[in-house]
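Chemist: Could you have a look at this structure, given as structure tokens, before my questions?
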Amino acid sequence: RCHRCPHLPTRPYEKSEKPCMLSEYMERYPLYPITLPRGSFKPKEAYKMAQIPMEGTSTTKRDYIAHEVLPQKPKPPEKHVKSDGSMDLTSTYKQDYNSYPISQVPPCLPCVTRHIPSAKMDTRTTYEDDYLLWNEPKTELIRPNNRFQPSEEKFDHKTIVQDDYLYRGPVATQSCKPLNLVQKNKAPFENITNYRVNYVPHPLEKRYVHKYEKYKVNEVPFDGLTTHKVSYKGLAGHPAKLAKPDQPKLLHDLPFSSTTEFQEEYQAWPQPPVFTKKPDIYLPPLEKMDLHTTTQTHYKHPNGKPAKMCQSLSHLNKRTEPFNSSSVMKEDYKPWLCKRLKPVTRAPELTFPVKPMDCLTTFQTHYVPHPLTVTKSCKPVWSGPKHHTLLDAKTIYTTSYTPKSIVRCLASYKDPPGYIFDETDADGHNLYLPASKSESLQGAH
């Protein structure tokens with residue numbers, strides 16, 4: 001962006017806020033007329049029809065010859081002969097799965113004897129004894145006694161918009177937008193800020209490196225016991241007995257019913273047809289809508305004063321008496337001093353062995369390390385460096401492309417060196433001439 005014009009066009013009849021597209025690249029490399037590419041000399045692939053007529057036969061017609069197909073004779077069905085014997089209506093379900101009468105299962109729980117006191121229970125609570133009702137009259141409501149009474153007049157089915165808002169035509173409004181009187185400065189922008197002037201960069205301190213402590217091996221031998229082995233010990237016990245009562249088998253020859261109680265009791269009710277209401281036909285209003293609002297019609301005085309506060313300041317006076325924070329709950333129900341009970345634990349019954357643990361695993365005892373076998377390398381022997389000449393560091397880039405110094409753009413200067421101001425363009429660009437040309441023009445005049 002250093003080689004592009006930062007000014008906006010300042011023509012008297014054409015005002016626009018778009019930036020100027022004039023740049024050093026556009027001056028050096030102007031646009032040339034677009035030329036269309038030449039046509040292709042490739043021959044067109046046109047379909048050439050064969051002059052020999054096409055045969056109407058195919059491999060299917062030639063190999064697969066149609067034969068005469070005769071209609072199939074259907075086999076006559078056998079006549080049904082009614083048997084003399086009666087049908088057996090029994091099934092495997094009726095023979096194997098017989099219905100049994102439902103009997104109440106006796107409870108399997110042991111009888112628990114409970115001590116029932118003979119004294120009469122006091123059903124009064126502490127709330128009924130401590131909290132007594134006060135003989136105070138009932139407070140009256142402060143709300144106004146405004147009961148809604150519907151009007152006896154007939155409803156005309158008109159809304160407030162239809163009655164109050166009448167169309168009075170379009171309104172010519174006046175714009176209150178202030179004029180833009182800001183004058184743009186043509187001087188170049190200074191890129192100096194308070195941060196660049198006041199905040200000086202300081203050298204960074206060295207980063208703190210944390211030193212890790214070396215790992216120390218514990219000298220106490222591993223006991224190999226867990227909390228499960230210490231606390232839970234296998235005790236000899238008896239297997240649990242089956243508590244299911246014996247159910248006697250009862251055989252019945254009653255036939256199985258194909259209906260259920262739900263099908264007999266719950267019958268489907270007849271459903272009446274669904275009532276549907278036809279929608280009313282929409283009729284657009286004939287009158288035009290009034291676009292005025294109640295604010296525009298009633299509130300026409302913008303220079304008004306704010307409303308004054310009508311609330312009295314008597315309730316804002318601070319009380320001198322201290323606030324009593326005690327209550328009946330705090331006086332009657334006070335916290336008790338409770339001590340935490342210690343858990344009941346049994347003494348350890350496990351006997352520890354006298355010999356120390358060898359801390360060896362099955363892998364260390366069974367899998368003994370063996371010496372490594374040396375394998376021969378099949379890699380060919382290095383024959384040594386082939387060439388003793390040094391590598392030439394010259395390339396096409398280093399020989400052809402020589403480094404050039406970075407030249408500052410003349411458009412970034414306020415007054416470019418070696419040039420003299422000539423005139424101002426209609427777009428607001430300052431035109432400069434070289435000092436040598438300007439001196440020659442003055443000498444000619």
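The values are calculated or read from the model by the stated rules, or taken from the named source; none is laboratory data. If you're wondering where the values come from, they're calculated on a predicted model, not measured in any experiment. Every residue, glycine among them, receives a Cβ derived from its backbone with ideal geometry; neighbour counts consider all protein chains shown. These area figures cover heavy atoms from the full protein model, side chains too; ligands, DNA and RNA do not enter into them. Shrake-Rupley method; radii C 1.70, N 1.55, O 1.52, S 1.80 Å.
Chemist: Under 21 Å between alpha carbons, and skipping anything fewer than 8 positions from Lys339 in its own chain: which lysines qualify?
Modeler: none
Chemist: Sorted by accessible area with a 1.4 angstrom probe, largest first, how do Asp164, Asp246, Asp130 fall?
Modeler: Asp246, Asp164, Asp130
Chemist: Got a sec to turn the phi values of region 154-168 into Karplus ³J(HN,Hα) couplings, 6.51 cos²θ - 1.76 cosθ + 1.60 with θ = phi - 60°, whole Hz, x for Gly and Pro?
Modeler: Taking θ as phi minus 60°, the curve returns 6, 6, 8, 6, 10, 9, 5, 5, 5, 7, 8, 8, 9, 6, 10 Hz for region 154-168.
Chemist: Please work out how much length the chain gains when fully extended from Leu89 to Ser151, using 0.36 nm per residue of separation minus the C-alpha to C-alpha distance, in nm with one decimal.
Modeler: Here the answer is 14.3 nm.
Chemist: Using θ = phi - 60° and the Karplus relation 6.51 cos²θ - 1.76 cosθ + 1.60, list the HN-Hα couplings for region 283-290 in order, rounded to whole Hz, with x at every Gly or Pro.
Modeler: Those phi angles translate into 10, x, x, 7, 7, 8, 7, 7 Hz.
Chemist: Can you list, largest first and rounded to whole Å, the semi-axes you get for region 120-200 by taking the square root of 5 times each eigenvalue of its Cα gyration tensor?
Modeler: Working through the eigenvalues yields semi-axes of 72, 48, 12 Å.
Chemist: What is the gain in length, in nm to one decimal, between Leu166 and Ser383 on full extension, counting 0.36 nm per residue of separation less the C-alpha to C-alpha distance? Show your work: numbers first, answer last.
Modeler: Numbers: separation 217, 0.36 × 217 = 78.12 nm, distance 10.93 nm.
Length difference between fully extended and current span is 67.2 nm.
Chemist: Another one. Using amide H atoms built in the peptide plane, which far-off residues or other-chain residues are under 5 Å from Leu291 H to H?
Modeler: Answer set, sorted by chain and number: Arg168, Gly169.
Chemist: Give a quick list of trypsin sites (Lys or Arg not before Pro) in region 84-121 that DSSP marks as loop, anything other than H, G, I, E or B, with at most 12 other Cβ atoms within 10 Å. Don't skip to the end; give the middle numbers.
Modeler: Values: sites: Lys94, Arg114, Lys120; in loops: Arg114, Lys120.
The qualifying sites are Arg114, Lys120.
Chemist: Same structure, new question: Between Phe421 and Tyr401, what FRET efficiency comes out of the Förster formula 1/(1 + (r/R0)^6) with R0 = 41 Å and r the beta carbon distance, rounded to 0.05?
Modeler: Working from the Cβ atoms, E equals 0.60.
Chemist: Okay, moving on. When we measure straight from the Cα of Lys404, which lysines land under 21 angstrom away, once same-chain ones fewer than 8 places off are left out?
Modeler: Excluding near neighbours in sequence, the set is Lys394.
Chemist: Taking amide H atoms as placed 1.01 Å from N in the peptide plane, list the residues 5 or more away in sequence, or in a different chain, whose amide H sits under 5 Å from that of Ser23.
Modeler: none
Chemist: In nm, to one decimal, how far is the modelled label at Val328 from the one at Leu133, with both set 7 Å along Cα→Cβ?
Modeler: 1.3 nm
Chemist: Cα-Cα over 27 Å: which of Lys216/Lys342; Lys154/Lys300; Lys158/Lys277; Lys214/Lys355? Display every interim value, and only then the final one.
Modeler: Working: Lys216/Lys342 37 Å; Lys154/Lys300 35 Å; Lys158/Lys277 23 Å; Lys214/Lys355 31 Å.
Pairs exceeding 27 Å: Lys216/Lys342; Lys154/Lys300; Lys214/Lys355.
Chemist: Would you kindly derive the ³J(HN,Hα) couplings of region 397-407 from the backbone phi angles with the Karplus curve 6.51 cos²θ - 1.76 cosθ + 1.60 (θ = phi - 60°), listing them in order in whole Hz, with x for Gly and Pro?
Modeler: Per-residue couplings from phi come out as 5, 6, 7, 8, 9, 8, x, 10, 6, 7, 9 Hz.
Chemist: Mind running the shape call on region 24-160? Use the C-alpha gyration tensor, a ≥ b ≥ c as the square roots of the eigenvalues: rounded below 1.5 for a/c, prolate if a/b tops b/c, oblate otherwise.
Modeler: Judged from the Cα gyration tensor, region 24-160 comes out oblate (a/c at least 1.5, b/c at or above a/b).
Chemist: Rounded to the nearest 20 debye, what is the charge dipole size of region 396-441 about its Cα centre when +1 sits on each Lys and Arg Cβ and -1 on each Asp and Glu Cβ?
Modeler: 400 debye
Chemist: Give me, ordered by chain and number, the residues 5 or more places off Tyr432 or on other chains with an amide H under 5 Å from its own placed amide H.
Modeler: Asp422
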